[in-house]
1. Which whole-number percent gives the relative contact order of the stretch 36-128, counting Cα pairs below 8 Å spaced six or more residues apart?
2. Once the mean 1/r over all distinct Cα pairs of the stretch 1-95 is inverted, what Kirkwood radius in angstroms do you read off?
3. Using a 1.4 Å probe on the protein heavy atoms only, what accessible surface does I25 show? Give it in Å² to the nearest 10.
4. For the stretch 24-94, what is the accessible area per residue in Å², given a 1.4 Å probe and the full set of protein chains?
5. To the nearest µm²/s, what D does Stokes-Einstein give for the chain at 20 °C and 1.002 mPa s, using the Kirkwood radius over alpha carbon pairs as Rh?
6. Using a 1.4 angstrom probe on heavy atoms only, work out the carbon and sulfur share of the accessible area of the chain in %.
7. Mind listing which GluC sites (Glu not before Pro) in the stretch 14-93 are in a DSSP loop and have 11 or fewer other Cβ atoms within 10 Å?
8. Please identify the longest segment of the chain free of exposed trypsin sites (Lys or Arg not before Pro), where exposed means a DSSP state other than H, G, I, E or B and no more than 15 other Cβ atoms within 10 Å.
Amino acid sequence: MGVTSCSPPIAGSTGVSVDAEGHPIVVLAWCEGATPEGVSISHYEDASGPLDAMPGPSSGATVADDVDFIAPSLDGQSASFRLDAPDDGWTVEPKPFVLRPGVSYHAFGYQGRGSNQVNTNYVSFSADSVATLKPGSVLVQRYDEKRSVPDWVDVVITRKEFDRQGQDPANCQ
C-alpha cells in the first residue's frame, strides 16, 4: 500500500531582503483571501549540526524549527518585518531569531493549520546571501529546468516585481 501526502496550497510568495539600514527582513506578498497569520523559519541539521545547504533525498538530516513570527492583523496584500527585531505588532516565539553563519534557513508564511493551512512559497537564505542584498531587492528561488541538472536557483528581483508575482492569481493554487 502506498502512502500519499499533500502539501498545503500555495497562495503567495516569501522573500528575504534588507531594510534601508541593512537589517535582514522577510517580505511577504499573498493572494486575495490568504493573509498570513505567521511566518515559520527552520533549518536542516544532521549529527554534525546545522547544514549550509538543503540535504539530498537520501540524507539523514532532520528539520529543526527555529522560530515562528506571529503576524498582527495585516491589511493589503504585502508585508515585511525585521528578522532581528520585529515591530509593528509582529512577535516572535519562542525566542529572538539570530541569523547564524553557515546555516541555510527556510521560511514561509502560513494561514490556518492542518487541512485548512495555506502557505506562501518558501524562501531559502543564509547570512551570506542576505549580506549581498541591497534595499529594494528581494531574494527568492525559481525552478530552472534549463540547467544540466534542473534545480532551484537563487534569483534577486525588485520589491515591486516580488509584490506583483506574489499577488498574481495565476501563481495561486
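1. Here the relative contact order equals 34 percent.
2. 15.5
3. I25 has an accessible surface of roughly 20 Å² with all protein chains in place.
4. Computed with neighbouring chains in place, this is 50 Å² per residue.
5. So the translational diffusion coefficient is about 128 µm²/s.
6. 51
7. In loop regions of the stretch 14-93 (DSSP not H, G, I, E or B), the sparsely surrounded GluC sites (Glu not before Pro) are E21, E32.
8. The segment 1-112 is the longest one with no such site.
The values are calculated or read from the model by the stated rules, or taken from the named source; none is laboratory data. Note that the coordinates shown come from a computational prediction; the quantities given were computed from them, not determined experimentally. Every residue, glycine as well, gets a Cβ built from its backbone with ideal geometry; the counts of neighbours run over all protein chains shown. Calculation scope for accessible area: heavy atoms of the full protein, side chains included, ligands and nucleic acids excluded. Shrake-Rupley method; radii C 1.70, N 1.55, O 1.52, S 1.80 Å.
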